[in-house]
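Heads up, the thing below is written out as structure tokens.
The values are calculated or read from the model by the stated rules, or taken from the named source; none is laboratory data. Given the structure is predicted, the values throughout are model-derived calculations rather than measurements. Cβ sites come from the backbone with ideal geometry, for glycine too, and all protein chains shown count toward neighbours. SASA here: full protein model, heavy atoms, side chains in, ligands and nucleic acids out. Shrake-Rupley method; radii C 1.70, N 1.55, O 1.52, S 1.80 Å.
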Amino acid sequence: MKTIYFDNNATTKVAEEVLEEMTPYFCELYGNPSSMHTFGGRIAEKIRNARQQAACLLGCEPSDFVFTSGVTESDNAAIMGTLAAVPNKRKLVTSRVEHPAVLAPCRDLEAHGYTVVEIGVDKQGRLDMDQLEQQVDEETALVTIMYANNETGVIFPAEAIAELVKSRGAVFHTDAVQAVGKIPLNLSTSNADLLSLSGHKLHGPKGVGVLYIKKGTRLSPYMKGGHQEVGRRAGTENVAGIIGLGKACELAAEAMNEENKKVKYLRDKLEEAILRTCPDSRLNGGEPRLPNTSNISFEYIEGEAILLMLDKYGICASSGSACTSGSLEPSHVLRAMGVPFTAAHGSVRFSLSRYNTEDEVEYTIGVMPQIVKRLRELSPFVAK
Ligand code: PLP
């Protein structure tokens, strides 16, 4: 059975071109880019090239960022590094719908005496800008708010947030992992101080990411050790990973506009058909929204049950609930949006990529109503 992959916000297929670019850097060109010899120097040159490719996509200078092990490290480094560099301020502002890569370090800091404020969202998943305005003050060291939400695809007004934060003298960090490669981003005109991303969300490899650091931003290194990245991030570089990330950025920069038109067309077709053919289903998340993401709730049934049935048909999607943690709690994002408990429990996220086809969408449109009908027949919550 063919796999139909609609879980691209979790991870993406590595592009063939990316793999090809990475392959020589395991067994042939395996030198250390910090070495004095020519063999290592060739690697350093290739890393400079990858840096240039990533800078092009982000619209920044190649020296404006460090490579990391992924967005989780980038987020932690932004949060911990800012607080270490600005020790006189002990307040952080974030949102209730962040990924745990941001929420967990923030909550940990709260337990260690920092003041942490989590800004709410409305029913459409849009950030409460009034609350943000009230909360960012001269005590605030850092505001960390995502660029686009991984569960609903809702895009936050990052530039308006950045402007507000800058006017209050705080540092602004944004986790942009779901936005990069899906919507245009230009850091040369942005007020964001720090921005995180990962390779594996844009058809690059896993275990490699970027932390953009605007010139002049005060940030203590999070990873300490060697002198790599001019002392800003210690540790021998993930050479093949960085080369793959660079290539993935180049591909995204070349094809983003065209590809996203196609992705949005497929996502809209899938979404419209599911909402039309499955009774008591609703879309979670308003506009503006990423072109690839659709989060749909189905009343009276469990998201996990839908995923298991989809899996039987070879279709990969994901549920809004915290199933990875083994928790029965529904998604904190949907709860923050005020989605009723039963609907939040029955949510499924479809996230598409450039590799999806119209046939895959049509096949899924065909099976979804049957799955929902079958599960409702078994559901104790539906009046028989
Ligand atoms: N931040 C956001 C918004 C995400 O969507 C994810 C992964 O889904 C992460 C952070 C964590 O990514 P990684 O596991 O690649 O570090």
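With N as its number of residues, the chain has a Cα radius of gyration that, divided by 2.2 N^0.38 Å, comes to 1.02. Listed peptides 342-350, 35-43, 103-111 appear in the order 342-350, 103-111, 35-43 once ranked by packing, highest mean of other Cβ atoms within 10 Å at the front. Computed from Cα atoms, the angle from the helix 303-312 axis to the main principal axis of the chain rounds to 90 degrees. Taking label points 7 Å from Cα along the Cα-to-Cβ direction, Lys2 and Asp268 give a separation of 2.4 nm.
Taking the range 63-107 and a reference point 7 angstrom along Cα→Cβ of Thr236, the backbone N atoms nearer than 19 Å belong to 67-70. Shape class for the range 95-220: rounded, because the ratio a/c of the largest to smallest gyration tensor axis (alpha-carbon atoms, square roots of eigenvalues) is under 1.5. Among beta bridges identified by DSSP and lying wholly in the range 103-209, the antiparallel ones come to about 30 percent.
In this structure, Asp359 and Arg107 have a Cβ-Cβ separation that, at R0 = 51 Å, corresponds to a calculated FRET efficiency of about 0.70. The packing ranking, built from the mean of other Cβ atoms within 10 Å per residue, places the peptides 197-209, 138-150 in the order 197-209, 138-150, highest first.
Counting only alpha carbon atoms, the long axis of helix 158-167 and the longest principal axis of the chain meet at about 50°. Remark: accessible surface ordering of Thr236, Thr364, Thr189 (largest first) is Thr189, Thr236, Thr364, probe radius 1.4 Å. Surface composition of the chain: carbon and sulfur atoms hold 55% of the protein heavy-atom accessible area at a 1.4 Å probe. Which angle from 0 to 90°, rounded to the nearest 10, does the C-alpha axis of helix 38-58 make with the longest principal axis of the chain? For 38-58 against the chain, the angle is about 50 degrees.
Ligands, DNA and RNA are left out, and with a 1.4 angstrom probe the accessible area of the range 16-252 is 41 Å² per residue. With R₀ fixed at 22 Å, the C-beta to C-beta distance from Gln134 to Arg90 puts the FRET efficiency at about 0.75. Legend: residue pairs Lys89/Lys215; Lys201/Lys269; Lys13/Lys262; Lys89/Lys247, Cα-Cα distance threshold 29 Å; pairs beyond threshold, Lys89/Lys247.
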